[in-house]
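Below: one structure, written as structure tokens.
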Amino acid sequence: MKKPITTAEIRDAYLKFFEEKGCQIWPSSSLVPDDPSLLLTVAGMVQFKPYFLQQKKLDDKYVGTTTTQRCVRTNDIDIIGTDGRHLSFFEMLGNFSFGKYFKREMCAWAWEFSTEVLQLEKDRIYVTVFTDDDEAAQIWEETGVDKSHISRLGEDDNFWTAGATGPCGPCSEMYYDQGKEYGCGSPDCKPGCDCDRFLEYWNLVFTQFDQQEDGSRIPLEKKNIDTGMGLERVAAIMQGVQSNFDTDVLAALVDLGKQLSSLTPKELEEEQNQVSLKIIADHARAIIFMIGDGILPSNEGRGYILRRLIRRSALHGKRLGFQTPFLESYIPKIIELMGKNFPQIKENYSLIQKTLDTEESRFNRTLAHGQKYLNDKLGTLDGKNLSGKDAFTLHDTYGFPLELTQEICNEAQVTVDVESFNKLMEDQKQRARNAREDNAWEEDDNIIESLVNKHPKTEFCGYNNYDTQVRVLDIVQENQVVESA
Ligand code: SER
């Protein structure tokens with residue numbers, strides 16, 4: 001069998017492998033989850049929650065499903081670009097069983113895929129199991145994993161939950177030993193260590209519980225499987241590179257950044273510029289996929305995450321001397337690299353382009369003023385602390401997200417008084433609330449609300465009909481219900 005090397009080959013080999021085991025190939029779901037407990041799709045299992053809970057059923061002829069899921073996670077945003085492992089956007093290769101196959105089959109298939117399809121050397125594979133999961137440890141040993149390569153980790157590493165509630169369970173992680181030379185050298189270095197030696201590439205979750213809001217866990221009717229393999233990480237292993245940014249897809253995006261930049265090749269080699277190139281390569285995918293899924297920049301929720309990613313990229317773009325707006329230059333490249341599996345980017349090309357153009361232009365206008373303001377402040381600081389008031393002005397007047405101010409300050413070894421910044425933000429919200437209470441339009445809302453409650457429910461039929469008959473129930477003019485207007 002030909003070893004899959006490129007990202008596209010690995011993706012295809014994975015889906016084909018699990019299809020042959022009886023799983024149905026499903027498309028990736030949107031980054032906007034159909035799940036109020038999550039802002040973004042953070043894992044392959046998100047679209048399958050109702051199946052784990054037995055609220056929906058898969059066609060009986062399949063043993064499960066398999067996907068390559070587009071995911072966004074921004075909890076490690078500060079690390080992105082400074083190491084080779086963390087990304088805000090990534091593809092998660094998954095396979096899922098809803099009560100059909102479980103631990104024994106899954107461990108055997110994971111071993112088969114790793115050693116026969118990927119052809120990884122057996123003595124470079126390590127696994128971890130949840131503290132008291134003797135069964136998983138036993139199964140791994142029987143599958144062929146050397147006993148000395150099996151270790152146990154606690155709740156933080158080896159128990160998986162998607163947010164605060166929902167299907168969850170103990171998990172077992174597979175690691176690839178990249179070699180002693182990448183390690184920290186500590187005698188305790190083993191899978192789970194923060195250094196780069198052991199790269200976690202696959203997480204197998206034995207989904208058996210439904211976590212409640214109070215933290216209690218109710219056993220699910222059936223035992224399930226939810227696995228997630230990091231496509232970019234596996235690509236790094238297969239391509240013999242240590243960093244995700246040196247794999248085919250991301251390296252092409254880093255290269256595009258180099259072409260767009262006005263810096264000299266020598267300048268581009270500087271550490272800080274390398275980090276900027278990687279941050280933009282990573283964020284561009286997250287940004288373009290988010291807008292492609294209908295998310296627009298705003299000041300809250302997922303729109304805020306998007307805005308923050310765009311602003312962060314714009315800032316790093318400035319450092320590289322990009323002509324702005326520049327993010328739209330990444331759209332054709334991403335279509336070329338990933339369009340086959342994710343057609344929505346091409347379909348929404350013009351929405352993505354327009355959104356980026358507007359958001360970047362707006363940010364650039366304020367950025368120049370904001371940066372001047374911040375540089376002046378940094379130049380005149382007494383100590384090593386930027387006041388909450390200055391951070392608030394940067395936010396309120398110049399549109400600087402707090403994290404951006406912190407990032408720039410960090411580089412100058414200055415901390416930001418976050419506590420008083422938060423207090424000023426809260427005061428501002430309160431002022432806005434008070435102002436709303438004084439406003440007539442708010443009362444208008446209340447009148448409408450009371451009328452909505454008074455009348456029977458109006459059925460919305462606009463999804464299926466272009467025209468229909470309706471009856472006017474009331475007319476509101478200047479806060480009053482009137483007979484005619
Ligand atoms: N849900 C698990 C994860 O995201 C496995 O897919 O790691």
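The values are calculated or read from the model by the stated rules, or taken from the named source; none is laboratory data. Being a predicted model, the structure only gives us computed values, none of them experimental. Cβ coordinates were reconstructed from backbone atoms using ideal geometry, including for glycine residues, and neighbour counts include every protein chain displayed. Heads up: the accessible areas ignore ligands, DNA and RNA and are worked out on the full protein's heavy atoms, side chains in. Shrake-Rupley method; radii C 1.70, N 1.55, O 1.52, S 1.80 Å.
A search for C-beta distances below 8 Å between a residue of region 152-176 that is within 27 Å of Gln119 (Cβ to Cβ) and in contact (Cβ under 8 Å) with a residue 12 or more places away in the chain and any residue that is open to solvent by 30 Å² or more (accessible area, probe 1.4 Å) and assigned to a helix (DSSP H, G or I), counting only pairs 6+ apart in sequence or on different chains, returns Glu173/Asp157; Tyr176/Arg124. One residue stands out in region 218-272 among those that are among the charged types (D, E, K, R), over 30 Å from Pro4 (Cα atoms) and part of a helix (DSSP H, G or I): the one that is most open to solvent (accessible area, probe 1.4 Å), namely Lys266. Take the conditions (1) assigned to a helix (DSSP H, G or I); (2) open to solvent by 40 Å² or more (accessible area, probe 1.4 Å); (3) touching a strand residue (DSSP E or B) at 6+ places or on another chain (Cβ under 8 Å); (4) not hydroxyl-bearing (Ser, Thr, Tyr); Met290 misses just one of them, which is (2).
Listed by first and then second residue, the pairs with beta-carbon distance under 6 Å, at least 6 apart or on different chains, first residue in region 89-108 and at negative phi, second more than 15 Å from the ligand (Cβ to nearest atom) and small (Gly, Ala, Ser), are Phe89/Ala286. Against the numbered list (1) open to solvent by 40 Å² or more (accessible area, probe 1.4 Å); (2) farther than 21 Å from Asp282 by Cβ; (3) not in a helix (DSSP H, G or I), Glu426 comes up short only at (3).
So, of the residues in region 126-150 that are polar (S, T, N, Q) and within 14 Å of Glu105 (Cα to Cα), which turns out to be most open to solvent (accessible area, probe 1.4 Å)? If we take residues in region 126-150 being polar (S, T, N, Q) and within 14 Å of Glu105 (Cα to Cα), then Gln138 is most open to solvent (accessible area, probe 1.4 Å). Being within 13 Å of the ligand (Cβ to nearest atom) and within 28 Å of Glu91 (Cα to Cα): is that true of Trp140 here? The answer is no for Trp140.
Can you find, within region 201-217, the residue that is nearest to Phe113 (Cα to Cα) among those that are within 15 Å of the ligand (Cβ to nearest atom) and open to solvent by 10 Å² or more (accessible area, probe 1.4 Å)?
Here the answer is Asn203.
Scanning region 155-185 for residues that are polar (S, T, N, Q) and either away from the ligand (no atom under 11 Å from the Cβ) or surrounded by 19 or more Cβ atoms within 10 Å (Cβ to Cβ) (or both) turns up Asn158, Thr165, Ser172, Gln178.
Report, by residue number, each residue of region 69-84 that is part of a strand (DSSP E or B) and more than 16 Å from the ligand (Cβ to nearest atom).
The initial filter retains those residues of region 69-84 that are part of a strand (DSSP E or B), namely 69-72, 80, 83.
The answer is Ile80, Asp83.
Give just the number: which of (1) in contact with a Gly (Cβ under 9 Å, 6 or more places away or on another chain); (2) open to solvent by 20 Å² or more (accessible area, probe 1.4 Å); (3) not basic (Lys, Arg) does Asp188 not satisfy? The number of the failed condition is (1).
Here is the figure for region 372-387: residues that are surrounded by fewer than 20 Cβ atoms within 10 Å (Cβ to Cβ) and in contact (Cβ under 8 Å) with a residue 24 or more places away in the chain total 6. Taken over region 1-49, the criterion of being open to solvent by less than 40 Å² (accessible area, probe 1.4 Å), in a loop (DSSP other than H, G, I, E, B) and within 16 Å of the ligand (Cβ to nearest atom) is satisfied by Ser28, Ser29, Leu31, Pro33, Asp35, Leu38, Leu40, Thr41, Val42, Ala43.
Just need a number here: residues in region 388-412 that are free of Cβ contacts under 8 Å to residues at least 12 places away in the same chain and touching a His at 6+ places or on another chain (Cβ under 9 Å). Here the count works out to 0.
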